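For reference, the structure discussed in these notes is given below.
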Amino acid sequence: MWKQAIEDTLQKTRANIERFGDLFPHVSENDIYHLNPNNEWTDGFWSGILWLSYQYTGEKVFQEAAQRTVASFKERLENNVALEHHDIGFLYSLSSKAQWILERDENARQLTLQAADVLMKRWRPKGQYIQAWGPEGDAANGGRIIIDCMLNLPLLYWAYEQTGNEKYKEVAIIHADLSRRYLVRGDDSSYHTFYFDQETGEPLRGGTHQGYQDGSTWTRGQAWGIYGFALSYRYTKNPLYLETAVRMARYFFERLPQDDVVYWDFNAPVNAETKRDSSASAIASAGTLEILEHLAADDANRAYLENGVQRSMTGLVKSYATIGKPDAQGFIERGSYSVRGGAAPDDYMIWGDYYYLEALLRLEKGFKGYWYE
Ligand code: GLY
């Protein structure tokens with residue numbers, strides 16, 4: 001089943017290379033991807049899809065398209081285009097870092113190190129956190145961390161390993177510890193965001209941006225936590241991070257609905273209109289496969305987590321994938337970007353497509369994505 005699903009994504013990616021040209025897909029409307037000239041937080045995912053497709057097939061068409069995206073990311077960094085946010089890790093891990101991993105291209109390594117320095121500019125020494133959005137001192141966002149940032153930290157851990165400069169790792173660890181303490185709640189659910197006093201770092205309150213309400217658990221946020229803490233464990237070997245990832249994954253899989261693909265928020269009332277977020281299920285699956293890399297063979301959580309991945313991925317392939325729709329641009333339907341915000345509430349998400357393919361390739365081939373090495 002996984003192999004057939006992978007083949008389907010490859011066919012779509014070949015067609016998308018033609019369709020998208022030098023532009024980057026973000027989310028869809030009426031089944032057509034919105035394209036941008038590499039100025040969105042999501043543009044690394046298209047690059048990552050191309051690199052994964054190349055790694056799997058060895059085909060030049062994927063390699064050359066992926067290399068072109070890295071050239072675009074170089075220009076983006078040189079011209080400082082839309083980089084004033086924390087998602088530098090998403091952008092450069094899956095583009096230039098992927099190229100470094102696959103081709104040992106020194107320019108790609110250097111570009112990725114420069115990107116890590118851009119991310120370091122989000123570090124706020126007074127509050128001791130990485131600011132997610134907005135300029136320093138911003139009234140609304142200056143004191144805000146978000147759980148999505150856990151996937152940006154690997155860029156900093158990696159930069160430490162490449163350079164030996166401790167500052168990258170110190171910042172990543174302080175931010176991961178703060179996220180664990182304030183974003184993850186006692187019952188293993190999570191806040192999407194948490195606010196701190198910008199001057200003193202005093203913790204103020206949890207909240208949400210894309211979830212149902214402030215105290216709810218946005219399913220994609222929970223998925224970012226699963227994968228992000230697993231990666232913090234990979235880099236640091238701090239067992240608390242692995243334990244947190246496992247607990248968050250159990251929370252996620254304990255709440256799978258009947259068709260095994262989650263709704264957009266675990267606390268949203270469920271009725272016939274409730275939106276799904278297939279991208280959350282794809283991220284949680286890939287993240288749990290990362291967790292399983294680190295659990296002992298006889299770990300008591302292993303069977304439960306393996307089963308959660310199998311259920312989620314089978315649900316995606318059987319009921320959400322666009323297999324059998326050769327003209328579809330996306331791999332999985334029914335992602336949601338921001339349900340309350342009315343932004344792409346029931347559409348393709350390029351990150352959903354990326355993590356779906358990464359999880360398939362982890363299952364079929366033992367690939368690992370491009371978050372480390
Ligand atoms: N990182 C933004 C999102 O998940 O929508």
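The values are calculated or read from the model by the stated rules, or taken from the named source; none is laboratory data. No experiment lies behind these values; they were computed from the predicted model shown. We place every Cβ from the backbone using ideal geometry, glycine too, and count neighbours over all the protein chains shown. Calculation scope for accessible area: heavy atoms of the full protein, side chains included, ligands and nucleic acids excluded. Shrake-Rupley method; radii C 1.70, N 1.55, O 1.52, S 1.80 Å.
Please specify each residue of region 211-254 satisfying the condition of being open to solvent by 50 Å² or more (accessible area, probe 1.4 Å) and under 19 Å from the mean Cα position of the chain (by Cα).
Answer for region 211-254, where residues must be open to solvent by 50 Å² or more (accessible area, probe 1.4 Å) and under 19 Å from the mean Cα position of the chain (by Cα): Arg234, Arg247, Arg250.
Considering region 240-282 alone, what residues qualify as being of a type in the set (Asp, Glu) and free of Cβ contacts under 8 Å to residues at least 24 places away in the same chain?
Across region 240-282, the qualifying residues are Glu243, Glu254, Glu273.
Name the residues in region 322-347 that are open to solvent by 10 Å² or more (accessible area, probe 1.4 Å) and within 20 Å of Ile17 (Cβ to Cβ), would you?
Result: Ile323, Lys325, Pro326, Asp327, Ala328, Gln329.
I'm trying to understand the selection: among the residues of region 82-122, which are of a type in the set (Gly, Ala, Ser) and either open to solvent by 20 Å² or more (accessible area, probe 1.4 Å) or part of a helix (DSSP H, G or I) (or both)?
Across region 82-122, the qualifying residues are Ala82, Gly89, Ser93, Ser96, Ala98, Ala108, Ala115, Ala116.
Please verify whether region 48-69 includes one or more residues that are within 16 Å of the ligand (Cβ to nearest atom), under 30 Å from Lys365 (Cβ atoms) and crowded, with 24+ Cβ neighbours inside 10 Å.
Yes, there is a match, as at least one residue in region 48-69 is within 16 Å of the ligand (Cβ to nearest atom), under 30 Å from Lys365 (Cβ atoms) and crowded, with 24+ Cβ neighbours inside 10 Å.
Against the conditions (1) within 16 Å of the ligand (Cβ to nearest atom); (2) buried (at least 21 other Cβ atoms within 10 Å of the Cβ), where does Ala359 fall short? Just the number, please.
The one condition Ala359 does not meet is (1).
All but one of (1) within 16 Å of the ligand (Cβ to nearest atom); (2) over 18 Å from Lys368 (Cβ atoms); (3) of a type outside the set (Asp, Glu) hold for Gly127; state the number of the condition that does not hold.
(1)
Which pairs turn up if I take residues in region 127-153 that are basic (Lys, Arg) and look for partners that are crowded, with 22+ Cβ neighbours inside 10 Å with beta carbon separation below 6 Å, at least 6 apart in sequence or on another chain?
From residues that are basic (Lys, Arg), the pairs are Arg144/Thr193.
Restricting attention to region 51-73, which residues are touching a Phe, Trp or Tyr at 6+ places or on another chain (Cβ under 6 Å) and not small (Gly, Ala, Ser)?
So the first thing to find is which residues in region 51-73 are touching a Phe, Trp or Tyr at 6+ places or on another chain (Cβ under 6 Å), and the list is 53-54, 62-63, 66.
Within region 51-73, Tyr54, Phe62, Gln63 meet the criteria.
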